[in-house]
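Have a look at this one.
The values are calculated or read from the model by the stated rules, or taken from the named source; none is laboratory data. None of the values given here were measured: they were computed from a predicted structure. Glycine gets a Cβ as well: all are built from the backbone with ideal geometry, and neighbour counts include every protein chain shown. For accessibility, only protein heavy atoms count, side chains too; no ligands or nucleic acids. Shrake-Rupley method; radii C 1.70, N 1.55, O 1.52, S 1.80 Å.
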Amino acid sequence: MYKVPINRQTLQNHWQYDWWKYLLGVVLTSFLWYTVTVMTRPRTPDELKVDIYLVGEYYIQGYEGPVSQKILEDFPDLKEINFYSIPFNGNPNADIYSQQKLTIMVMTQTGDLFIMDRTHFNQLMREGSLLALDDLIDEEIRSLYSQEEWESVTGKIENDEGEPESEEHIYGIPMRGVTLLKDIGFPTEDKVIGVMGYSRNMDKAIEVMKWIIKNGRGA
């Protein structure tokens with residue numbers, strides 16, 4: 001039987017052509033691990049919590065409790081406001097795992113609100129993962145931002161060929177001026193907040209989003 005010699009060249013060739021198989025394996029393994037974890041851990045009912053994912057810089061984990069409590073004071077019918085991190089720091093090797101995590105969160109329809117950098121906001125908007133907000137934004141919130149800023153969070157869902165499949169809608173709200181998360185070290189000046197279209201607690205997610213925009217300024 002013919003045997004392929006194992007040396008530096010064959011290994012380089014193997015990696016060059018088969019790298020995607022390893023990446024797929026990592027994604028599938030992560031997906032399986034997450035699914036098993038979610039299915040086996042005790043869960044607060046969806047209608048009693050809002051999960052917020054912070055996509056971008058690292059934040060100081062362990063200090064988000066006071067922020068959650070501040071929001072919960074105005075939402076007595078909620079039991080939990082949870083913050084989770086999907087960090088991107090510009091390191092390609094680290095960011096690839098964060099991108100996988102983001103993909104898994106969307107695939108498993110996890111999370112109610114995402115506060116994210118512009119790159120990932122545009123990604124989720126084009127993919128159709130975000131709820132259109134046109135009819136949900138009141139005049140008080142509209143008055144906080146310029147027309148140019150609203151245009152920056154307006155777009156269309158696109159198909160795999162990059163062609164638009166919908167009319168233009170507003171899919172996020174700029175976080176400029178919101179200082180609620182300053183104590184946990186997560187900058188929001190250049191971020192956007194959006195509601196995931198699959199949220200299992202949609203009404204409360206929308207209310208919490210509006211609270212953050214209105215009450216999180218100068219916090």
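For THR179, what is the net charge nearby, where nearby means another residue's Cβ is under 14 Å from its Cβ and Lys, Arg count +1, Asp, Glu -1?
+3
Which whole-number value in Å² is the accessible area per residue of the range 91-160, probe 1.4 Å?
On a per-residue basis, the range 91-160 sits at 50 Å².
Taking the Cβ of ASP77 as the center, what net charge do the other residues with Cβ under 9 Å away carry, scoring Lys and Arg +1 and Asp and Glu -1?
Residues close to ASP77 contribute a combined charge of +1.
So, one more: Would you work out what percent of the accessible area of the range 74-219, with all protein chains in place, is carbon or sulfur (probe 1.4 Å)?
Using a 1.4 Å probe with all protein chains present, the range 74-219 comes out at 45 percent carbon and sulfur.
Taking 0.36 nm per intervening residue step and subtracting the Cα-Cα distance, what contour gain separates TYR97 from GLU80 on full extension?
Length difference between fully extended and current span is 3.4 nm.
Further question on the same structure: Return one whole number: the accessible area per residue of the range 177-218 in Å², for a 1.4 Å probe. Present the calculation step by step, with values, prior to reporting the outcome.
Working: 1550 Å² over 42 residues.
Heavy-atom accessible area per residue stands at 37 Å².
With N residues in the range 56-152, what two-decimal value do you get for its Cα radius of gyration over 2.2 N^0.38 Å?
Taking N as the residue count of the range 56-152, the ratio is 1.26.
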